[in-house]
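This report refers to the structure that appears directly beneath it.
The values are calculated or read from the model by the stated rules, or taken from the named source; none is laboratory data. The model shown is predicted, which means the values in this text are computed figures rather than measured ones. Every residue, glycine as well, gets a Cβ built from its backbone with ideal geometry; the counts of neighbours run over all protein chains shown.
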Amino acid sequence: MSIIEKSNPLNLQYRVCIVTSASSPLGVIVCKTLLKANALVLGIDSRPKDHSLNAALGTHFQFEQCDVYDEGTPERIVAAAAKKFGVERLDALVNIVEEGKTASLEGLRSFSEVVGKAMAQEGRGSIITVLGSEAVLGDTFEPAVRSLQPKML
């Protein structure tokens, strides 16, 4: 049985979505939700692919094991999405900030800027940052969220 629900009320058919921390528990849920909505999902994580993302996903789910904070990774991921899905556009980026990884916020901002520029070429796209827990940022919650807000490209 396929995970893809063709009658899902949220229809993201042929929309290309990138999900960071895709192998985290929250990342797996986000990936599966996007897949059920017919999206094309490129999961990225420094950890190996979660085994539950293997079954019956066909070409709708692709995975890149890499660290989004390494130099050149954002550009490589944009190119990989185009190659894997056969389209030159990106429709959404979902950044997942895991509990205890507050140091990664600056790296995610840089990653988001590169992906945002690729989206801007098509004149559309969404960047969403999901906090694994409000405790992730503690007292720095508001300033950190403001720093991740997209800038005008």
Scan the range 142-153 and give yes if some residue there is surrounded by 12 or more Cβ atoms within 10 Å (Cβ to Cβ), at pLDDT below 90 and among the small types (Gly, Ala, Ser), otherwise no. yes
Go through Val68, Val114, Val94 for me and flag whichever is touching a strand residue (DSSP E or B) at 6+ places or on another chain (Cβ under 8 Å) and outside any loop (DSSP other than H, G, I, E, B). Val94
If you scan the range 34-54, which residues turn out to be of a type in the set (A, V, I, L, M) and either out of contact with any Gly (no Cβ under 8 Å at 6 or more places or on another chain) or assigned to a strand (DSSP E or B) (or both)? Leu34, Leu35, Ala37, Ala39, Leu40, Val41, Leu42, Ile44
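Yes or no, residue by residue, for (1) at pLDDT 90 or above; (2) within 17 Å of Gly125 (Cβ to Cβ); (3) surrounded by fewer than 19 Cβ atoms within 10 Å (Cβ to Cβ):
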{"position": "Asn38", "(1), (2), (3)": "no, no, yes"}
{"position": "Leu42", "(1), (2), (3)": "yes, yes, no"}
{"position": "Asp45", "(1), (2), (3)": "yes, no, no"}
{"position": "Phe61", "(1), (2), (3)": "yes, no, no"}
{"position": "Glu71", "(1), (2), (3)": "no, no, yes"}
{"position": "Pro74", "(1), (2), (3)": "yes, yes, no"}
{"position": "Lys83", "(1), (2), (3)": "yes, no, yes"}
{"position": "Glu88", "(1), (2), (3)": "no, yes, yes"}
